[in-house]
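One structure is given below, encoded as structure tokens.
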Amino acid sequence: MNPGAFDALLKGECDYSVVPFENSTNGSVVFTFDILRDIIHAPGTKSNGNIAPPLQVVEEVFVPINHCLLTTATDLSQVKRLYTHPQAWGQVDHYLAAHFSPADVERLDTDSTSAAVGIAKTDPEGAAIASSAASVVHDVPIFQANISNKKDNTTRFLVFARADPQNAGSAVYPDPALHVAADVKREKKGSLASFIVQNDKPGALCATLQEFAQSNISLTSINSRPSGKGAWSYVFYIEFEGDALHDNAVSSAVARAAKNCLEFCILGSFYRA
């Protein structure tokens, strides 16, 4: 993922930033986790307790992803280079294995699938893996449509807004604005948090997570990435049911969990799609 999406948001150049978070075929988008780590937990700095984030999650969106092979070449034998975002390779590897030899065709990462098409347009021996919409935007023909491993391939995106420094737990642009066109009433909320525990303290992670179990709060996902604050130190990302910003029972459990951590941050509460 290109960090520019968050940069533009934090600079006030846009109202929202929509970033990929996980894919049904290829799992978590680690690039997003790493950029959030760099913004929230600043590798190389000392831990500093509870953190007020400069941005907040305000929405989640599920988008069907139907990858295509786009190229100006007229035959696959002409293709010597493939371009796409790193997250897309694992979503189309069945097609690639059947049609391209790794010894003959180079695979090159790009910042986005759309950027891949822009590059392939200028490379007569290049092809890109991207959506049909990118074909229209960049005027590059679709050689083969629907090459994803699974027909139900879906990516979950999170929508971020800048946090309001005058009102902790609120976004500068409130989430109701995102529901104007929604045709489904949403009632259940979820929350996203990130934290770092003392990695050489036995039971530190367990103690943090137990606070949710003891409060009957269901964890829906957990991921970890190196924190950059020392060897074997990790930033953990958890999603859980409930509103950590406005539900007292949930926020109390979160406060107890945070006491077991060197750093703890609530990245937002949002309606489940």
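Restricting to the range 112-153, give me the number of residues that are out of contact with any Asp or Glu (no Cβ under 8 Å at 6 or more places or on another chain), part of a loop (DSSP other than H, G, I, E, B) and polar (S, T, N, Q).
6
Search the range 166-207 for residues being of a type in the set (Lys, Arg) and more than 17 Å from Glu263 (Cα to Cα), and hand back the single one that is modelled with the highest pLDDT.
Lys189
Can you give me the number of residues within the range 25-78 that are closer than 26 Å to Cys261 by Cα and of a type in the set (A, V, I, L, M, F, W, C)?
14
Considering only residues that are small (Gly, Ala, Ser) and open to solvent by 70 Å² or more (accessible area, probe 1.4 Å), which ones fall in the range 197-218?
Hit for the range 197-218 is Ala213, nothing else.
Looking at the range 1-111, what strands (runs of 3 or more DSSP E) fall wholly within it and have at least 1 residues that are touching a residue at least 40 places away in the same chain (Cβ under 8 Å) and either on the phi > 0 side of the Ramachandran plot or in contact with a Lys or Arg (Cβ under 8 Å, 6 or more places away or on another chain) (or both)?
17-23, 49-51, 55-64, 81-84
Hey, can you tell me all the residues within the range 198-237 that are in contact with a Ser or Thr (Cβ under 8 Å, 6 or more places away or on another chain) and assigned to a loop (DSSP other than H, G, I, E, B)?
Hits for the range 198-237 are Asn199, Ser215, Ser227, Lys229, Ser233.
Just to be sure, is Gly4 modelled with pLDDT under 95, touching a Phe, Trp or Tyr at 6+ places or on another chain (Cβ under 9 Å), open to solvent by 20 Å² or more (accessible area, probe 1.4 Å) and not aliphatic (A, V, I, L, M)?
Taking the combined requirement at face value, the residue does not satisfy it.
Please verify whether the range 60-68 includes one or more residues that are touching a Leu at 6+ places or on another chain (Cβ under 6 Å) and open to solvent by 20 Å² or more (accessible area, probe 1.4 Å).
no
Mind listing whichever residues of the range 226-250 are polar (S, T, N, Q) and over 24 Å from the mean Cα position of the chain (by Cα)?
Asn248 - this is the single residue of the range 226-250 that is polar (S, T, N, Q) and over 24 Å from the mean Cα position of the chain (by Cα).
The values are calculated or read from the model by the stated rules, or taken from the named source; none is laboratory data. Keep in mind it's a predicted model, so treat the numbers as computed, not measured. No Cβ is skipped: glycine too gets one built from the backbone with ideal geometry, and neighbour counts run over all protein chains shown. Heads up: the accessible areas ignore ligands, DNA and RNA and are worked out on the full protein's heavy atoms, side chains in. Shrake-Rupley method; radii C 1.70, N 1.55, O 1.52, S 1.80 Å.
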